1. Using a 7 Å offset from the Cα along the Cα-to-Cβ direction at both Arg5 and Arg22, what is the distance between the two label points in nm, to one decimal?
2. Note the full-extension length gain between Ala155 and Asp176 as 0.36 nm times their separation in residues minus their Cα-Cα distance, in nm to one decimal.
3. Using only the C-alpha atoms of segment 153-246, find the volume of their convex hull and express it per residue in Å³.
4. Obtain the nm distance between the two label points defined at Asp192 and Arg273 by a simple spin-label model: each point lies 7 Å from its Cα along the Cα-to-C-beta direction.
5. Roughly speaking, what is the stretch gain from Glu163 to Ser41, that is 0.36 nm per residue apart minus the C-alpha to C-alpha distance, in nm to one decimal?
6. At a Förster distance of 56 Å, what's the computed FRET efficiency of Glu201 paired with Ala63, Cβ-Cβ distance as r, to 0.05?
7. If I take R0 = 41 Å and measure r between the Cβ atoms of Leu107 and Arg231 in this structure, what FRET efficiency does the formula 1/(1 + (r/R0)^6) give, to the nearest 0.05?
8. With a/c under 1.5 counting as rounded, go ahead and sort segment 7-162 into rounded, prolate or oblate using the C-alpha gyration tensor (a ≥ b ≥ c being the square roots of the eigenvalues; past the cut-off, prolate if a/b is larger than b/c, else oblate).
Amino acid sequence: MSEPRARLRTVDGAPTLRFERRLAHPPEEVWRAISDPSQMSAWFPAAVTTEPRLGAAMRFTFADAPETADSMSHGEVLEFDPPKVYMFRWNRDVLRFELVADGDATLLIFTHVLGGGPGARLGAARSAVGWDRCLAALTAALDGGHTEPDTTWPADIEYYTAEFGLDTGDCAEVADGYALRFARDLVWQPRDRLWSLLTEEQTPTVGGPPPIRATNAHVEAGELVGVEPPRWLEYEWRHDDAVAGTVRWSFEADPDLGVRVELTQTLPEKLARLRPQLLAAWHVHLEVFFAATRGDHPVLLARRTRRLARRTVCGGPRRMIRPTIAGTPNRRSRNGGARFSRHDASADTEEALRRGIHALPNERTYVTEASAITESPVRRTTFPDESRCGTEPINPLRGRRGRP
């Protein structure tokens, strides 16, 4: 992506995205493009119906189902100062466009306040990617051109997820030890589809083993203690031949905020030393799971887990916990989870490693097998064509019910 990147800040307690673009057109021309519904149709993710005045009601309609209530959402013009500021509410979100003359050009400052409480922050990466595409379409429309098809949005979501710190877990002290928690946005994917991916379309049962893809090599899995398809499952994990806590996967769906995966692992105080390693292991595991939801089979370097394990957790000191390294390559761990194997690879075989193909020995490197994802057949996840921002195969800004 060549355009300037979005920034995420907290303003008055709300997560807020900020974008800046220098447009080679005078403010009056840019104003018409951002405020006239007939011109907004060239770049804005929904068709807009409104009047050019403060307090005017707004209606946003997505083209895939223009006559249904689920395809429409509403808002209100909050500030209207031509050709300087246009601000309006879209459902619970607030969008503000400010134009600043810059010679014979215009500096556009666009902010998106994400409404909906703390959970809205998880969707910031998805929204940033969507607006990047929309603003590129705005630039092209002003220049008299159009945007080309772009399939790089998953990688850009990963970039923003890491940049905004949305991929990190946290550690909370609880009554009998600690709880490690992660939550990641999954870009409006149906919960049934995610459940099938996690369970490989099997039927987990209480008392049986957990699905392979829900396990991790750093966590010896015990038996399932609860399951409610397609919402959640929970299993015991063991340490030194004794039950140490539980691991819980859940898929949460909100019609306004999207779909997310939440993962929680509990552990006793006596195992506090494992916190950095476990946080790092689940961090990488969820990266792999997110990639699998879009049909990718990434191979990740185990050094990433080691690097993540350096982070401070629960107020403890920075320390490095080395992940367990499996002694035999190309074998699953006992519980079938992600396994770290020792491999050799030269620089010219890096692409083969990323595709999960093991190369001939030359230079030693540690490769995450991530067998829970990469060794099992993963059905390619497809998305319906919902694009309004250029020609994207999916519009990350919106959901099934027309929410931004």
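1. 2.0
2. Length gained between Ala155 and Asp176: 3.6 nm.
3. 132
4. Computed distance between label sites Asp192 and Arg273 equals 4.8 nm.
5. Contour length minus Cα-Cα distance gives 40.9 nm.
6. Efficiency, rounded to the nearest 0.05: 0.95.
7. Numbers: r = 46 Å, r/R0 = 1.13.
With R0 = 41 Å, the Cβ-Cβ based efficiency is 0.35.
8. rounded
All of the numbers you see were taken from the coordinates with simple rules; none came from a lab. Everything numeric here is computed off the predicted structure, so don't read it as measured data. In this analysis, Cβ positions are derived from the backbone assuming ideal geometry, glycine residues included, and neighbour counts consider all displayed protein chains.
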